[in-house]
Every structure is written in C-alpha cells, then in structure tokens.
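Read through the structure below, which is laid out as structure tokens, and then see the notes.
None of the figures in this text is laboratory data; all of them are computed from the coordinates on show. Note that the coordinates shown come from a computational prediction; the quantities given were computed from them, not determined experimentally. Backbone-built Cβ (ideal geometry, glycine too); neighbour counts: all protein chains shown.
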Amino acid sequence: MRPAARLQIIAELLPLALSERQPADRLVQKWGRQNRYAGSKDRRDISNRLFAILRHYGNLTARLEGDTPLLVTMLATHLFTDTPLDEVVALADGSQYAPKPISESDAKTLAQAAAETPAERADKLSVPVWLFDDIEAQMGDETEAVLTAMLDRAPLDVRVNLLKADRMTAQAALFEDKIETAPHPKVETALRVSGTAQIIMSRAYKAGLVEVQDAGAQAVAQICAAQPFETVMDFCAGAGGKSLAIAAQMRNKGRLLVHDAIASRMKHLAGRARRAGVEIIESVAPHDLRGLEGQCDLVVADVPCSGTGRWRRAPETKWRLNEEGLANLRELQAQILRQAAALLNPEGRLAYVTCSLLSSENDWQVDKFLEENQSFEVLSSDGPCGHQARHIFHPCNADTDGLYMVVLKRRAGGEGVDFGV
C-alpha cells in the first residue's frame, strides 16, 4: 500500500475512533477484515500510527488550533515518523486512494504547528483541559511524569495461574513457543512479555498456565488477600480476569460469587474458568444480590470509571469522556460502594478499585463513603509500593497501568449498610 493511501485511511479512521462506542482496536480490526487488500504490514502500521495520534491528540490539535482529521494526521506523520513536512504535504496529490491536495493556507498552518509547542500543560501532555486539575489533585508532584508515561504504548503482561504452575514453570512453557518473558519486579505472579506475542495461541495459555492480565490488575488481586474457604464477591466481574486471580489466591476452595450489571460481559468467564481449573465460581444475577446481604467475607468492587489509568491501552477514551458522563460515573460508583458494603458480614472487607487517576473517583469517593458510613475504616495493606492505606500505582512507581485501591473494613460492632433501592 502506498504511503498516500495509508495517510488517507488513517485520516478517515480518526473521527470514527474519536466518536464510536466500540474500542479503537476493534474498529481497526473491523476495518482490516473489510479491506483484505491491506497486508499485515499495512494494517500494523495504520494501527500504530492511529493509536499514536489518539495518545497525542490534544497536543496535535492545540498546535493546529483545529481538529481537521487530515491535517492532524499529516502533522502526526511529520512529527512521529521524521518525514519532512513538504514530503508529507506532497502525499496529498489527489491521485487514486490519496488525499486531495490541501490549500496553501492549510500548508502554512501545518508549518506553523510543526514549529511550535502548546503553552498549556494539559495540551503539552495531551490531556483534556477540563480533567487536568482532577488528575493533579490525586497525583500531586507526580502528575507530569505519570501523564508523560501515559503517552507510551503499554507493555504486555501475563499472570501465572498458581493453581497449575509456578512462575518459573510458566516462563519455561512460554519459552517453548519462543515467547520470552521476565519476572515483573513488583508483582510476584506477573511475567512481562518481550516485544509482541500471540499469547492466546501458545500452549501455556491453552493449558491454563497463564492469563493475559496487566500486572496492576494482578496486584489488586494480591492486595485483596482472599483466603481459602471464604465467601468472596466480585461485584463488577466484567470478563472475569480478577475473578480467576482471586480464585487462585483462594486455592480453589470456598465460594467465589461473580456479578456484573451487564451479564453479557461475563459470557466467556465459564470457559476461561475451565481452562484455568477454577471450580468455585458461582454467577449471581442482579435480582439475587439482596439475598446475600451480610454474608460475604470480602467484596471486590472494581467499579466502572473514567479509565484514565488505562490511557496507554485505550487512548481514544480520553476524548470520548465528558463532564456529564463523569458525573454519572461518580453517582454509579457511590451506589456500588453502598450496595457492595451491604453484602459484608460483621468482619467483612470491601476492596474499592478503579483504573482512574482522578481524585473525584478515588480519594473523594472513598472519603464521601466514610463520612456517610462511620462504622467503616481504611485497612492498611501491602502492595507494589509498600504498606499503605490507599494504594495508587502507575507506570512510574510500579510499572503498571494506573490503578487506585482501598480496602475498607467494618469496625468492631459497627452497623452495616442498607442495600438501598
């Protein structure tokens, strides 16, 4: 495929990636299936360049003082591939599959944008301006370092399934399929994959020795410290990655209840559990939650959130979120916290988890719950960054995605929480 054709395709995909509800990686995969003429090298290059634009979109549009997809794509091509700007502009010659020529005014805009850098910190770091203060309230002096790290591609980690293998055994099994890994320095179940690899095609994966999972999510499961024979609820189970990690912690003994408000998210969990050798999972429908009030030793609430801690993996979500959407998420988080707390027995623990860098979803949300439910307290625990009451880990301090976690516990003799409507 000619460079001009790639330029045109990326410019066409960009507004779709910014506006559609489906993840950007699925959008690219769908385009690849519908356009078989594009070879694997073409598809990979288009995907990589589109994701680079999404990561740096705020910086690019601030330079241009506009968001015309073709100009954004041309500026990114110049900045990220070291292609001289005049050569990029020349690609738009109106030939078959190429973009139409740009105006002289647009060419001047591109030249000026290439020579300048944005003045605003939020624009420099490619963060929506309206979110910057919320991030800084949580991250403090680490804000710029963390947001800079969020502009990079995320690494690939796998979790060793301790029900079937130790880390050395899993590492050796992956190596048999020419997949090189290294132990993660801060998370004992994690292996960091060198380069790219088709993990799900490996014999180690098919045998249930490993699961694809960011080291941060694995750390969350470790901090939960679920014990054998406990009754544990994964309240927002999703695809079940943390459920399987928790089951391994429990040594496949006890009750592991899984629930998600959108049950279809869990549709592959049964198959994943069989492959992992997990036998203690029970699915709970929303209308059955009330019957579990006061019964759980541990409830894990990995709540729906802004996803700001996963911007390396899903950079399009930066630009899809708006203030109304964030307000709705915070309201939902408060509701889930209350309902999850109602399921605890008198000695129960509640793990509140987000993949967010926002204070309004993290510290503020927890403080609000504690103010309204004074029978609860924060329980300090060991994590990737030491013994802490409130855990927040990210690429700079733990070499993981951005995650926040607090373990809450009912005080001795403290009142429970009403499940609510």
Applied in sequence order to segment 6-23, the curve 6.51 cos²θ - 1.76 cosθ + 1.60 (Karplus, θ = phi - 60°) yields integer Hz couplings, x standing for Gly and Pro, of 4, 4, 5, 5, 4, 5, 6, 6, 4, x, 5, 5, 7, 10, 6, 7, 6, x
Can you compute the charge dipole magnitude of segment 1-115 about its Cα centre, using +1 on each Lys and Arg Cβ and -1 on each Asp and Glu Cβ, nothing else charged? Give it in debye, rounded to the nearest 20.
660
Just rank Phe419, Phe51, fewest to most, by other beta-carbon atoms within 10 angstrom.
Phe419, Phe51
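Taking other Cβ within 10 Å of each residue's Cβ, how do Lys318, Lys108 sort, fewest first? Intermediate results must be reported in sequence, preceding the final value.
Details: Lys318 21, Lys108 10.
Result, fewest neighbours first: Lys108, Lys318.
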Need one number: % antiparallel among DSSP beta bridges in the chain, to the nearest 5.
60
Check Ala351: other-chain or 5+ apart residues with amide H under 5 Å from its amide H, H built from backbone geometry?
Val299, Val300, Ala301, Leu408
Note: Gln374 to Thr148 extended length (0.36 nm per residue) minus current alpha-carbon separation gives 77.6 nm
Surrounding charge for Ala225, neighbours by C-beta under 15 angstrom, Lys/Arg +1, Asp/Glu -1, total -1
Counting other C-beta atoms within 10 Å, and keeping those with at most 15, which DSSP coil trypsin sites (Lys or Arg not before Pro) do you find in segment 215-297?
Arg251, Lys253, Lys267
Can you tell me which of Gln198, Gln138, Gln218 moves the most in a GNM of the chain? Springs connect C-alpha atoms under 10 Å apart.
Gln198
As a Kirkwood estimate from alpha-carbon pairs, segment 1-157 has a hydrodynamic radius in angstrom of 16.6
Selected from Gln365, Ala38, Gly291, residue furthest toward positive end of dipole (the chain; charges at beta carbon):
Ala38
Using a Gaussian network model of the chain with C-alpha springs under 10 Å, which one of Ala111, Ala276, Ala341 is most mobile by mean-square fluctuation?
Ala111
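Just from its helices, what would the mean residue ellipticity at 222 nm be for the chain, if runs of 4 or more DSSP H residues each count -39500 (n - 2.57) and the sum is divided by every residue, rounded to the nearest 500 deg cm²/dmol?
For the chain, the value works out to -12500 deg cm²/dmol.
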In the structure shown, do any of Lys206/Lys253; Lys30/Lys108; Lys124/Lys178; Lys41/Lys186; Lys253/Lys318 have a Cα-Cα gap over 32 Å, and if so which?
Lys30/Lys108; Lys124/Lys178; Lys41/Lys186; Lys253/Lys318
Which one of Ala113, Leu91, Leu27 has its Cα pushed farthest toward the positive end of the charge dipole of segment 3-119, where Lys and Arg give +1 and Asp and Glu give -1 at the Cβ?
Leu27
Each residue of segment 264-269 in order: what ³J(HN,Hα) in whole Hz does its phi give by Karplus 6.51 cos²θ - 1.76 cosθ + 1.60, θ = phi - 60°, with x for Gly and Pro?
4, 5, 9, 4, 9, 5
Cα Rg over Rh - the chain, Kirkwood:
1.01
Of all C-alpha pairs within segment 70-225, those more than 18 angstrom apart amount in percent to 71
Along segment 306-319, what does the Karplus equation 6.51 cos²θ - 1.76 cosθ + 1.60 (θ = phi - 60°) give for ³J(HN,Hα), rounded to whole Hz, x for Gly and Pro?
5, x, 5, x, 10, 4, 5, 8, 10, x, 5, 5, 3, 9
Give, as a single signed number, the net charge of other residues whose beta carbon lies under 12 Å from the beta carbon of Phe393, with Lys and Arg counted +1 and Asp and Glu -1.
-2
Point-to-point label distance, Asp25-Ala327, nm (Cα→Cβ direction, 7 Å offset):
3.3
Computed for segment 224-410: size of charge dipole around the Cα centre, +1 on C-beta of each Lys and Arg, -1 on C-beta of each Asp and Glu, debye to nearest 20, value 680
For every other residue with a beta carbon closer than 12 angstrom to the beta carbon of Arg6, add +1 if it is Lys or Arg and -1 if Asp or Glu, then tell me the sum.
+2
Global size of segment 156-212 as Cα Rg and Dmax, reported in angstrom:
9.7, 27
With the Cα gyration tensor of segment 204-284 giving a ≥ b ≥ c as the square roots of its eigenvalues, does the rule (a/c under 1.5 for rounded; else a/b larger than b/c for prolate; else oblate) give rounded, prolate or oblate?
rounded
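Neighbour counts of other C-beta atoms within 10 Å: give me Val129, Val378, Val366 arranged from fewest to most.
Numbers: Val129 12, Val378 16, Val366 21.
By the 10 Å Cβ count, ascending, the order reads Val129, Val378, Val366.
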Could you tell me which of His184, Thr61, Leu350 has its Cα farthest along the dipole of the chain towards the positive end, charges placed at Cβ (Lys, Arg +1; Asp, Glu -1), taken about the Cα centre?
His184
Report the charge-dipole magnitude of the chain in Debye, nearest 20, computed about the Cα centre from +1 at each Lys and Arg Cβ and -1 at each Asp and Glu Cβ.
1900
For segment 224-410, the Rg and Dmax computed from alpha carbons only, in angstrom:
16.0, 44
